[in-house]
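Step one of this worksheet: look at the structure below.
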Amino acid sequence: MWSDTTLPGLAASVSAGAMLAAVRSATVGMPVTEQAAAPFGEGRWLFSHNGKVAGWPGSVAKLASTLPTTDLLTLDAPTDAALLWALVRDRLRRGTGLREAVAGTVAEVAADAPGSRLNLLLTDGVTVVATTYGHALSFLKKPGSVLISSEPLDDDPSWQAVGDRTLVVATAAEVHQIPMGDA
């Protein structure tokens, strides 16, 4: 975000029922380019990953091979986050719901790359789905809004920590926390 020349113009014109913003530094060893910066998107979907796929890239090579070749050849960047987005997006394109697309991707990646930190965030503009898997996640529920973040953004005592290996499904009206084994 610090080097994204398009951010001021985008931020000035954003209006949405659900919004996803990714503010993080790059994972060591990953390229630092605008194409590698989340959120990644297609149509109404926006996606972000905070964490690291352990053993990248070899640990997830088998999963990557399940994607259509065109998706692999057109990844936004050669990063773990871009591959995770491609895996989630492939499920969404096949008609899988947001919750199931994220939970299924986390389960497969965690099985192939133990020790990964997988905070995934996905929105369709109405619903936000987030995971905590080996990483922190919190949310702040206020009347008519929900804010989900890796860490509380201020000292408001209403922030609620999300337990590890939990799927969060949120709209402006409600928040549901689902253990990943039940998702």
The one condition ALA173 fails out of (1) of a type in the set (Gly, Ala, Ser); (2) surrounded by fewer than 19 Cβ atoms within 10 Å (Cβ to Cβ); (3) outside any loop (DSSP other than H, G, I, E, B) is (3)
If we ask which residues in the stretch 149-183 are of a type in the set (A, V, I, L, M) and farther than 21 Å from VAL53 by Cβ, their number turns out to be 8
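Scan the stretch 155-172 for residues that are aliphatic (A, V, I, L, M) and either out of contact with any His (no Cβ under 6 Å at 6 or more places or on another chain) or on the phi > 0 side of the Ramachandran plot (or both) and jot them down. Explain how you work it out, then say what you get.
Let us first name the residues in the stretch 155-172 that are aliphatic (A, V, I, L, M), namely 161-162, 167-170, 172.
Answer for the stretch 155-172, where residues must be aliphatic (A, V, I, L, M) and either out of contact with any His (no Cβ under 6 Å at 6 or more places or on another chain) or on the phi > 0 side of the Ramachandran plot (or both): ALA161, VAL162, LEU167, VAL168, ALA170, ALA172.
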Exactly one of LEU63, LEU67, LEU75, LEU92 is of a type outside the set (Asp, Glu), closer than 18 Å to ASP124 by Cα and surrounded by 15 or more Cβ atoms within 10 Å (Cβ to Cβ), and that residue is LEU92
Taking the stretch 97-111 and the residues there that are touching a helix residue (DSSP H, G or I) at 6+ places or on another chain (Cβ under 7 Å) and farther than 14 Å from ALA130 by Cα, the one that is surrounded by the most Cβ atoms within 10 Å (Cβ to Cβ) would be VAL109
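Every number in this text was worked out from the coordinates using simple rules, so none of it is lab data. Quick caveat, the model's predicted, so the values are computed rather than measured. Please note: Cβ atoms are built from the backbone with ideal geometry, for glycine as well, and neighbour counts cover all protein chains shown.
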